[in-house]
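Contents: one structure, followed by commentary.
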Number of protein chains: 2
Amino acid sequence: MGSASLVLFARLSGLVIAVLVVYWALLLVPHQGLTYSTLHPLLMVIGFILVSGEAILIHRWLPGSRKTKKAVHLWLQGMALVSAVFGIWTKFQYQSGVFSNFYSLHSWMGLLSVSLFAAQWVTGFMSFWHRGEVRTTRTTFLPWHVFLGLYTYGLAIATAETGLLEKLTFLQTNKNVPRRCHESTVVNGLGLGLVLLSGVVITAAILPKYQNSHSGNEKLVYSSQDRPKCLTS
Amino acid sequence: MGSASLVLFARLSGLVIAVLVVYWALLLVPHQGLTYSTLHPLLMVIGFILVSGEAILIHRWLPGSRKTKKAVHLWLQGMALVSAVFGIWTKFQYQSGVFSNFYSLHSWMGLLSVSLFAAQWVTGFMSFWHRGEVRTTRTTFLPWHVFLGLYTYGLAIATAETGLLEKLTFLQTNKNVPRRCHESTVVNGLGLGLVLLSGVVITAAILPKYQNSHSGNEKLVYSSQDRPKCLTS
């Protein structure tokens, strides 16, 4: 499967996830409407996770110069960051105050994930504008930016899974929502969709390195320690 | 930070996690003892996640031939797989039967993670014993084994996070355990420890490729598409 099919597959999964989260948050429970409580999953899943997944994939499909790709990547990640901050903010709108939220694993994982994301964005932004930096400094920095970015993306997905499960467990134990019902099917489908999406996006992001080993002109080179080290052209 | 320090750091995180899960499952709640319910987190966190993390790191520190490393890796992952299957089996020991368990996102994510792990182990085992295979087939297969292995490891960590949160949310809403208490601190610490461990293990697993860019004799080569492709020596 090539890079283009993976991008298409990532978007199809993203579309299914978007439909499921909108249906769950806005349509499934009658007269629920747009509240702080329903805004949170919408902002986090669509605004943060789906938009940042699209930003990760920019380098795999957007034509144009490297500078254009980096600018679009930076803008999309900026939008994702604003959504994430706004999504956290919705949880501070209850009478209980800001600090009362930080009791659960979901909140701590979310805070860690958004903080890492913000740090990545700021360093990416600085690197983008500091054209004067030595090229070797920027090329040394790039693999770490890619790795930490994909780790943060995975952490955001894991945090979303804990949020979905926390909400459903709360409904099942406190509100007598049955364990097997339409709502639990939708939420579990959403959770499994996110697992699939993360796999597709991360594969698409790192694929080019591996893809070359299938091409006839390139070969896999082993280091003296007998571990895969490099794909040379 | 070199590969050796990362392996040490991974083991320290693993030790803290092991102490926390033993303390939570066996000592925190008086007279709880070793039941199917307490066996599940012990087998999944220590037997599955910590052992498979150790197996991932084998190639980073174990001296000896490539064959020895692969054999130890295979044995450790086999132990992890047995623990995982036994850990799932503990959940089938209640009166409600096997299928009643598969209602939550935790159960579906866990089933997916252990199935992927088993498939990886079987293909790894076959590749290990089929020495006659063309070397290029095995070298093509290796990056996918590494990638899918790390993805499965990440999924196992995410599943553990949902399990911890499910248990704590259930205790808080159904058993009136307060949101801020000694137990929630221990469980949240365990969850954040697992987030840290996954970051350290995955970094240690992929580091050698990136580490070389800091060395004077090697350089980062860009392809015509201006993306990082290869580290040549």
### Query
What about B:Val221, is it at pLDDT 80 or above and β-branched (Val, Ile, Thr)?
no
Subset of the range A:125-163, residues touching a residue at least 40 places away in the same chain (Cβ under 8 Å) and closer than 25 Å to A:Ala25 by Cα, comes to A:Tyr153, A:Gly154, A:Leu155, A:Ala156, A:Ile157, A:Ala158, A:Thr159, A:Ala160, A:Thr162, A:Gly163
Flagged pairs (Cβ under 8 angstrom, 6 or more apart or on separate chains; first in the range A:63-77, in contact (Cβ under 8 Å) with a residue 24 or more places away in the chain; second surrounded by fewer than 16 Cβ atoms within 10 Å (Cβ to Cβ) and assigned to a helix (DSSP H, G or I)) are A:Lys70/A:Phe128; A:Ala71/A:Phe128; A:Leu74/A:Phe125; A:Leu74/A:Phe128
Point to revise | Condition check for A:Ser115: within 13 Å of another protein chain (Cβ to nearest Cβ), assigned to a helix (DSSP H, G or I), at negative phi and modelled with pLDDT under 75 | key: no
Of the listed residues (A:Thr162, A:Thr203, A:Thr136), the one being surrounded by fewer than 15 Cβ atoms within 10 Å (Cβ to Cβ), at the interface with chain B (Cβ under 10 Å from one of its Cβ atoms) and either at pLDDT 85 or above or in contact with a strand residue (DSSP E or B) (Cβ under 9 Å, 6 or more places away or on another chain) (or both) is A:Thr136
Condition set among the small types (Gly, Ala, Ser) and at pLDDT below 95, scope the range B:27-50, selection nearest to B:Leu197 (Cα to Cα): answer is B:Ser37
Note on B:Phe147: of the conditions (1) within 9 Å of chain A (Cβ to nearest Cβ); (2) more than 21 Å from B:Lys70 (Cβ to Cβ); (3) not small (Gly, Ala, Ser), unmet is (2)
Note on the range A:114-124: residues closer than 17 Å to A:Leu76 by Cβ and not hydrophobic (A, V, I, L, M, F, W, C) are A:Gln120, A:Thr123, A:Gly124
Selection over the range A:173-187 where residues are free of Cβ contacts under 8 Å to residues at least 24 places away in the same chain, outside any loop (DSSP other than H, G, I, E, B) and at the interface with another protein chain (Cβ under 9 Å from one of its Cβ atoms) yields a count of 3
Here, helices (runs of 4 or more DSSP H) confined to the range B:1-74 with at least 3 residues that are within 20 Å of B:Ser184 (Cα to Cα) are B:3-22, B:36-41
When (1) surrounded by fewer than 18 Cβ atoms within 10 Å (Cβ to Cβ); (2) at pLDDT below 95; (3) not small (Gly, Ala, Ser) are applied to A:Val82, the one that fails is (2)
Regarding A:Ser13, is this residue more than 27 Å from A:Cys181 (Cβ to Cβ) and at pLDDT 90 or above?
no
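The values are calculated or read from the model by the stated rules, or taken from the named source; none is laboratory data. It should be emphasised that the depicted structure is a prediction, and the values quoted were computed from it without experimental measurement. Glycine gets a Cβ as well: all are built from the backbone with ideal geometry, and neighbour counts include every protein chain shown.
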